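Right, one structure below, let's go through it.
All of the numbers you see were taken from the coordinates with simple rules; none came from a lab. As the structure is a prediction and not an experimental result, all values here were calculated from the model. Please note: Cβ atoms are built from the backbone with ideal geometry, for glycine as well, and neighbour counts cover all protein chains shown.
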């Protein structure tokens, strides 16, 4: 076997893996990298086992893909609280998605004259943050045709009425009723398609 065909396997310990739905997102994003043969996550051990060709993809690229989703790698050092606060203050663009409270939900969603999507998530969930980019892009593409909102399940109770067992999930409403459930990883096109049907 030539050096360029040799595969390496690395077990990467992941921090902030808070729910089992994190696993498919991590696996999918890492497997998109050219040179990665397989990525298998374990919620129990909070690790991602990656088999890759070091001649085609560098371990740093794999780590960067994990970090782009909002996760951290246990063996790396990260900036402290002061650096994070500076980073928050320097944010470029706030989210265009409006957060809903339990009190606003009936008027904005159930009585809405056009299709409405609600992303049920939490701000601390990296998987939710990974989905939010596609959700925000769909909101821009559907401006004027549909309304897109988000609800934090940690500070609201509405989600309990809709049998939500895992986050993130998007519920699409038409005429006050749930028309579709999208989750946990719909693409922008799927979100837009569900709201245009």
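Some notes on this structure:
- Each label point was placed 7 Å from the Cα along the Cα-to-Cβ direction; for residue 6 and residue 110 their separation is 6.4 nm.
- In this calculation the C-beta distance from residue 174 to residue 75 is compared with R0 = 45 Å, giving a FRET efficiency of 0.40.
- Pairwise Cα distances in segment 6-73 exceed 16 Å in 36 percent of cases.
- Prolate/oblate/rounded call for segment 100-179, Cα gyration tensor, a/c under 1.5 rounded: oblate
- Here the Gaussian network model covers the chain, with springs between Cα atoms less than 10 Å apart; of 52, 78, 43, 78 fluctuates the most.
- Between residue 187 and residue 43, the FRET efficiency estimated from the beta carbon spacing at R0 = 25 angstrom works out to 0.60.
- Set the Cα radius of gyration of the chain against 2.2 N^0.38 Å, with N its number of residues, and you get 1.17.
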